[in-house]
């Protein structure tokens, strides 16, 4: 019996970004240099495969600093960034801490602070409860920043604006490029004097992965994004696929989540991975697909990424 053919369109770029790669290296280098355990506040990046792998090497993940019983071992802050109160608390406790915040997130922190110091009220475009949003808003005194998740929120916050002529916005780095542009347009229409960057704070990796997804989505019968349910950039990729021609777009953590019986009538699978998902997860899906189909691979590349971020000086 002839096996059905399946074409897999591989989005490129996909998977690890420079900030994620740097954060993981920081944990690995800390384990090599200081030995286990090394404590990590929150998931270093939003991916269970990555976190489990680091845990096996000796990393201990905690929610808060008061869960750490021994100050003789380093604690690492995740790639998403933390509020100012976290390193202040670590200093008070005389902890040795290492900051693995993505440099592009740190850039947003500095922007928010500069706006605040200039007397401007800050509007942050982002998702409530996301660690990056908590960290960015935590750079400013409580109440100094207003959160906007969607265009409809703008009307809600109008009564909280102190001076429409002293207003600025920043954005979370992992948002939908198109949705954020819509919100920024509405902010500028509502508050003509609002300040912001000519280019939003959405990072290069998020932008590139979404652009690649737009290309493969309309060509695919099903799109799968490898990533974690709490990964903002991974979820945005699924939304982008749905908004750009693929009605069957889904997020999967591992190949074991895939129901291959659902591939009846599917000729083309679009495949990508969020910025915190390693390439091995993509490879697992391709290898498994070969058990069911005659697979034809085609990589659809929109750009080459060559961004790297330096490790902290202690690891140089």
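The values are calculated or read from the model by the stated rules, or taken from the named source; none is laboratory data. This structure is a prediction, so every number in the text was calculated from the model and none was measured. Methodologically, a virtual Cβ is constructed for each residue, glycine included, from the backbone with ideal geometry; neighbour enumeration extends over all protein chains shown.
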Q: Those residues that are at pLDDT 95 or above, more than 15 Å from residue 120 (Cβ to Cβ) and in a loop (DSSP other than H, G, I, E, B), I need them from region 137-147; list them, please.
A: 138
Q) Between residues in region 294-313 that are farther than 15 Å from residue 106 by Cβ and residues that are assigned to a loop (DSSP other than H, G, I, E, B) and modelled with pLDDT under 95, which pairs lie under 7 Å by C-beta distance while being six or more apart or on different chains? A) 294/3
Q) Just wondering, is there one or more residues in region 263-277 that are part of a helix (DSSP H, G or I) and without any contact (Cβ under 8 Å) to a residue 12 or more places away in the chain? A) no
Q. What is the residue count in region 267-316 for residues that are outside the structural domain of residue 225 (by TED's automatic domain parsing) and within 15 Å of residue 4 (Cα to Cα)?
A. 0
Q.
Against the definition (within 19 Å of the chain's Cα centre (by Cα) and surrounded by fewer than 16 Cβ atoms within 10 Å (Cβ to Cβ)), how does residue 103 come out, yes or no?
A. yes
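Conditions tested, residue by residue: (1) surrounded by fewer than 16 Cβ atoms within 10 Å (Cβ to Cβ); (2) at pLDDT 95 or above; (3) under 30 Å from residue 156 (Cβ atoms); (4) touching a strand residue (DSSP E or B) at 6+ places or on another chain (Cβ under 9 Å).
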position: 193; (1), (2), (3), (4): yes, yes, yes, yes
position: 214; (1), (2), (3), (4): no, yes, no, no
position: 233; (1), (2), (3), (4): no, yes, yes, no
position: 256; (1), (2), (3), (4): yes, yes, no, no
(Q) What are the pairs with Cβ atoms under 6 angstrom where one residue, in region 209-222, is free of Cβ contacts under 8 Å to residues at least 40 places away in the same chain and the other, located anywhere, is crowded, with 24+ Cβ neighbours inside 10 Å and not in a loop (DSSP other than H, G, I, E, B)? Sequence gap at least six, or different chains. (A) 210/240
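For the structure I just gave you, tell me whether residue 189 is at pLDDT below 95 and farther than 27 Å from residue 257 by Cβ. Walk me through it before giving the result.
Numbers: at pLDDT below 95: no; farther than 27 Å from residue 257 by Cβ: yes.
So residue 189 fails the test.
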Q.
Among the residues of region 102-132, what is the count of those that are in contact (Cβ under 8 Å) with a residue 60 or more places away in the chain and either closer than 29 Å to residue 69 by Cβ or part of a helix (DSSP H, G or I) (or both)?
A. 11
Q.
When the residues of region 82-100 are narrowed to those that are in contact with a strand residue (DSSP E or B) (Cβ under 8 Å, 6 or more places away or on another chain) and in contact (Cβ under 8 Å) with a residue 40 or more places away in the chain, which ends up surrounded by the fewest Cβ atoms within 10 Å (Cβ to Cβ)?
A. 99
Q: Would you check which residues across region 43-72 are in a loop (DSSP other than H, G, I, E, B) and either touching a helix residue (DSSP H, G or I) at 6+ places or on another chain (Cβ under 6 Å) or at pLDDT below 95 (or both) and list them?
A: 43, 44, 45, 58, 69, 70, 71, 72
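Of all helices (runs of 4 or more DSSP H) completely enclosed by region 171-262, which ones contain at least 2 residues that are within 16 Å of the chain's Cα centre (by Cα) and in the same structural domain as residue 275 (by TED's automatic domain parsing)? Reasoning before the result, please.
Details: elements: 177-190, 204-217, 232-243.
Output list reads 204-217, 232-243.
Looking at 155, 168, which one is in contact with a helix residue (DSSP H, G or I) (Cβ under 6 Å, 6 or more places away or on another chain) and outside the structural domain of residue 232 (by TED's automatic domain parsing)? Walk me through it before giving the result.
On the way: 155 fails: in contact with a helix residue (DSSP H, G or I) (Cβ under 6 Å, 6 or more places away or on another chain).
After ruling out the rest, the residue left standing is 168.
So for region 27-40 (the condition being closer than 28 Å to residue 288 by Cα and crowded, with 18+ Cβ neighbours inside 10 Å), does at least one residue qualify?
no
Can you confirm whether residue 53 is out of contact with any strand residue (DSSP E or B) (no Cβ under 6 Å at 6 or more places or on another chain) and within 30 Å of residue 236 (Cα to Cα)? Let's see the steps before the verdict.
On the way: out of contact with any strand residue (DSSP E or B) (no Cβ under 6 Å at 6 or more places or on another chain): yes; within 30 Å of residue 236 (Cα to Cα): yes.
Taking the combined requirement at face value, the residue satisfies it.
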Q | Evaluation of residue 150 against (1) under 14 Å from the mean Cα position of the chain (by Cα); (2) part of a loop (DSSP other than H, G, I, E, B); (3) free of Cβ contacts under 8 Å to residues at least 40 places away in the same chain (one fails), failing number | A | (1)
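Conditions (1) over 18 Å from the mean Cα position of the chain (by Cα); (2) surrounded by 15 or more Cβ atoms within 10 Å (Cβ to Cβ), marked per residue:
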| residue | (1), (2) |
| --- | --- |
| 109 | no, yes |
| 116 | yes, yes |
| 126 | no, yes |
| 132 | no, yes |
| 143 | yes, no |
